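**Student:** What follows is a single structure, and I will ask about it in a moment.
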Amino acid sequence: QGRHRRERRGQLVGVVDPIRLKKSWSQVAAYGDQVPLFFYSYLFLHHPYTREMFPVSMANQRDKLVAALGQVISRVDDLDSAVPVLQQLGRDHRKFAVVRDHYPAVGQALLATLEHFSGSDWTPDVAQDWVSAYGIVADVMIGAADAVVDQPPWWDLTVADIERRSVDIAVLRVVPHAPLPYAAGQSIAVEVPQRPRLWRYYTPASLPGPDGEFDLHVRLVGGGPVSTAIVQSTHPGDVLRAGAPVGTNLTLPRSPGRDLVMLAGGTGLAPMKALIAQVEADGGIRRVRRFWGARH
């Protein structure tokens, strides 16, 4: 099955016309916000059972759809570079309770949206390009989700303590109900009960403690529903939900004896604290100079 997926990915450029596909997407994307509005309206009208997977407000979700499609289409002639993105999307969508049976509904809505905004440019060849491209995208995402089927789709976190260091900054100590393995520098999507199905990424500011507990630094962002709920109305005993850890850009190899210079501002220092703790645990720090801000 894995070999079959690799073959299909490798054959995509031979199946579709990359230039034609990119031109088609450019024409559709020019309609801006109308595109995701049409897509989700079609999806929820024809497949109403999918609505419960999304937040009440769809504003942020619409932006994510267009960004994800644009990223994939921009790499259609080098799909290998897009595969890690698609695999991460496939794994990450498990926290929305997405299963393989949802993909045909999304594909139908996508094709209807593309046809609607393409007008007379929607030819049989263009349609087939999109059918083939979406088939590969769905295949990669489903395969990535299937590969981690033994991993929880999300983790529950109990807030053990919350320290409000200013009117707009809070530090949470959370305890996962089941082991949540992550590397220092990775990020975790967090959902709060006050804002169901809205997720915001935070980077743990510590390594897991004896009970798996770790710290999250949260700054209230104007208009940010998740950060506002965490800073203003989260209390010890509340249960949050976390997605699988993602990202490797800030992670460090486990090699002691390296010289490191870390610069960060505001709550951006959270991953640096975890990274320093990791290097200290590895015995790789001989001298540390910390310049923490007063609020962190």
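The values are calculated or read from the model by the stated rules, or taken from the named source; none is laboratory data. Note that this is a predicted model, so its numbers are computed, not measured. Here Cβ is always computed from backbone atoms with ideal geometry, including for glycine, and neighbour counts include all displayed protein chains. These accessible areas exclude ligands, DNA and RNA; they are computed on the full protein's heavy atoms, side chains included. Shrake-Rupley method; radii C 1.70, N 1.55, O 1.52, S 1.80 Å.
**Student:** I need the peptides 197-204, 220-227 ranked by packing, meaning the mean over residues of other C-beta atoms within 10 angstrom, with the highest value on top.
**Tutor:** Highest-to-lowest ranking by the protection proxy: 197-204, 220-227.
**Student:** What's the carbon and sulfur percent of the chain's accessible surface, probe 1.4 angstrom, rounded to a whole number?
**Tutor:** On the chain, the fraction of accessible area on carbon and sulfur atoms equals 53 percent.
**Student:** For segment 53-189, just say rounded, prolate or oblate: build the C-alpha gyration tensor, square-root its eigenvalues into a ≥ b ≥ c, call rounded for a/c under 1.5, and beyond that prolate if a/b exceeds b/c, oblate if not.
**Tutor:** Judged from the Cα gyration tensor, segment 53-189 comes out prolate (a/c at least 1.5, a/b above b/c).
**Student:** By a straight-distance test (C-alpha under 14 Å), which aspartates and glutamates pair with residue 273 as possible cross-link partners, with residues fewer than eight away in the same chain excluded?
**Tutor:** Filter leaves 215.
**Student:** Given a 1.4 Å probe, how much area per residue of segment 88-148 is accessible, in Å²?
**Tutor:** Accessible area per residue, segment 88-148: 43 Å².
**Student:** What percent do you get for the relative contact order of the chain when only Cα pairs under 8 Å and 6+ apart count?
**Tutor:** 17
**Student:** Under 20 Å Cα to Cα from residue 95, which aspartates and glutamates show up? Leave out anything in the same chain fewer than 8 places away.
**Tutor:** Reachable aspartates and glutamates: 52, 63, 139, 146, 150, 156, 191, 238.
**Student:** So with the 1.4 Å probe, I'd like the accessible area per residue for segment 207-273, rounded to whole Å².
**Tutor:** Per residue, segment 207-273 has an accessible area of 51 Å².
**Student:** Let me ask something else about it. Placing +1 at every Lys and Arg Cβ and -1 at every Asp and Glu Cβ, with all other atoms neutral, what dipole size does the chain have around its Cα centre, in debye to the nearest 20?
**Tutor:** So the dipole magnitude of the chain works out to roughly 760 debye.
**Student:** To continue, here is another question. If you wrap a convex hull around the Cα atoms of segment 102-158, how much volume per residue is inside, in Å³?
**Tutor:** Here the figure is 92 Å³ per residue.
**Student:** Turning to a different aspect of this structure: Classify the chain from the C-alpha gyration tensor, please: rounded if a/c falls under 1.5, else prolate or oblate depending on whether a/b exceeds b/c.
**Tutor:** Cα axes put the chain in the prolate bin.
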